[in-house]
1. What translational diffusion coefficient, to the nearest whole µm²/s, does the stretch 72-200 have by Stokes-Einstein, given a Kirkwood radius computed over alpha-carbon pairs, a temperature of 10 °C and 1.306 mPa s viscosity?
2. Using all C-alpha to C-alpha distances in the stretch 58-97, build P(r) with 5 Å bins and read off the rounded percent in each one.
3. Measuring from centroid to centroid over Cα atoms, what is the spacing of the stretch 228-245 and the stretch 52-88 in Å?
4. Got a sec? How would 10, 118, 221 order by Cβ neighbour count within 10 Å, fewest to most?
5. Which FRET efficiency value, to the nearest 0.05, do you get for residue 78 and residue 173 by plugging their Cβ-Cβ distance into 1/(1 + (r/R0)^6) with R0 = 25 Å?
């Protein structure tokens, strides 16, 4: 009855089964590992941010270029405040508001974007406290340039003059007439009654959409293993039933069977 398993057709089906199951298990395990890595990165980023708050501030130049190991570190830099921009659509403690971003020009000629604080509501230049004059030394948490749509960065276009959706060199280079550091900092304490902006985690280290996509792909690969096994048993049962019917003489000869099966007919054992 099971001699059909030795036919070329079933050899192909069985080879596909034997190869596809370990492949799906491997891919599912790999996607699960990617999810676990992102969870670990998220925990490490939180631990790093907490540890960085208690570390002594270091000169900005010692922490550049910014990477995962330096994001959140305390940096100090001296310069003079220049242009000021507002960054809309930033949330703090569940409230919507905006950052007050002021460019700090250093003796090197480059400017560092400094988030002096956060204010609630819609961006309003009239409500923003003026930046301190003269030379100042600021200390705050270091950040890498944002990508549009990452973290809290917006992707809005057509903003009014004096606003930017993302805090990045690419977004600011057309708004100011001088070179910029590829980094920015948030002051540890907001100036003039403003609230301090939160320290953001490095990109690709949080439990974001990509992390849960990995988890979803994990489920899909393991579900495909079950689907492949189910379909194999279904085909096997169908072949066994056909073989049993053939032994009992319930099937017509091939030429007649093709015609009768189109109309749902099957010959009985008596030939009626």
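1. Working: Rh = 14.5 Å.
Using the Kirkwood radius from Cα pairs, D works out to 110 µm²/s.
2. For the stretch 58-97, the binned pair fractions read 6, 16, 16, 10, 23, 22, 7 percent.
3. Using only Cα atoms to place each centre, the spacing works out to 67 Å.
4. Numbers: 10 16, 118 22, 221 19.
Final ranking by Cβ density, sparse to dense: 10, 221, 118.
5. Numbers: r = 23 Å, r/R0 = 0.91.
Efficiency computed from Cβ-Cβ geometry: 0.65.
Every number here is computed from the coordinates shown, using simple stated rules; none is lab data. Computed from a predicted structure; not experimentally measured. Backbone-built Cβ (ideal geometry, glycine too); neighbour counts: all protein chains shown.
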